[in-house]
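Down below is the structure, laid out as structure tokens.
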Amino acid sequence: MIELQVEQRIRYPPFESHRFIPAKLPIAISTKVIETGTRDDLINTVQNLAPSFKLGSDESWIVEQRYLIDGEPYTDEEKERNEHVLESNKKPLIVNEQRQGWYLTPNPIHAAIRNFISKTVVLLLIALGYLFIEPLLSSFGIQGIGTGTVRIGLLDYPLLTIIVLPLLLGPLALRVGANLADLVQQQNFLKSEPIDPSITLIEQPVAGQPLKLKVSIEETREDWKDIEVLWRVGALPPAREEVFRSLGVAESKQPPAGLTTELPHHWQIGLDDGTGGGEEAPMEAREVKGGLFLRPMRSMEAGGRCSLSKEVMTLDPPTMEWPGTVSTKLIRIHWEIIIRIQRTKGGPLLWVLPLPVQHPKSSSQIATLPTNDGRAESVPI
């Protein structure tokens, strides 16, 4: 008798993944025995399970699920299932707390200022470096620029620093103002939260196929303008404790490469990998568990979108070959419907509904996993 195992392999992009070299980070691997029997019996069992999938590559970010028979990978890429498979696992904690219901969008100042600040920091360092070497340049007869001083109180300050420093402090002040505006927006929203829309699925959603649905919005408000319906799919972060277990590292020890020390006020068991450190979204009101800003999946793709209609709407599937819904501690493939409501002020309002989606009948393959930095203000919807 031999064993049939399901093996999950993941090197998930951390928060701000552009700062990392994927090949330098470990791949977390988890295996689970499904059944024992003869090889023919196990092959028949695989035909009734969800097809394998490989999103990304071993040299980059990767999310993979495959089957092992007698410890060796079993290739099922060319073996089509007779029926679509829908998993029966419960929704993970991260979906229940952070990906359903009403959400606001951050003040657009956050994204603009973040890009500006990084450039002004470089400019400030150049200015300080220039002031450091200016005496040496003067000794060679090279005339300095902006090396005069400005007296403020009892002290003299370099003119060049006085010019550059406001370029750094000004954006920081604007970000503080944007955070305060976000808090006011959240408090106002909580005082009069809209009624949830009603969504009717015409048929069971299947990965790689169009989605047909009807949407009914009982309540509309004066400041609501255009309303769009879209759907998207992505890979959510794995549970931090499962990554540690898969890599054979005790949670009390130094985190593996790519993971940071969790912040107790932000991270909780079963939620995510903890690498965001509370920076995925701007300042949020404490009254709402999970926050009022929709955090982007760090690897995701949007499908079709269309304007709200009273008739049956058809949304095109994402262009890449994504699998259906997967909800384990290590791999979480998540699908969701988003109703995007453009408002006259305050930015778009979002209503999100998790969507159980059946797997395609054959294996899914994506050569390069799409990624983003994980910040709510950086990924428009």
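The values are calculated or read from the model by the stated rules, or taken from the named source; none is laboratory data. Nothing here was measured: the structure is a model prediction, and the numbers come from that model. Cβ sites come from the backbone with ideal geometry, for glycine too, and all protein chains shown count toward neighbours.
Counted as qualifying within the range 178-261 are the strands (runs of 3 or more DSSP E) with 2 or more residues that are among the charged types (D, E, K, R), namely 211-216, 224-236.
Of the residues making up the range 8-56, those that are among the aromatic types (Phe, Trp, Tyr) and under 14 Å from residue 331 (Cα atoms) number 2. Apart from one condition, residue 312 fits all of (1) more than 21 Å from residue 210 (Cα to Cα); (2) modelled with pLDDT of 90 or more; (3) surrounded by fewer than 16 Cβ atoms within 10 Å (Cβ to Cβ); the exception is (1). All conditions in (1) touching a helix residue (DSSP H, G or I) at 6+ places or on another chain (Cβ under 6 Å); (2) assigned to a loop (DSSP other than H, G, I, E, B); (3) surrounded by 12 or more Cβ atoms within 10 Å (Cβ to Cβ) hold for residue 85, with the sole exception of (1).
Assessment of the range 356-379 against the conditions (within 26 Å of residue 217 (Cα to Cα), modelled with pLDDT under 95 and surrounded by fewer than 20 Cβ atoms within 10 Å (Cβ to Cβ)) yields at least one matching residue.
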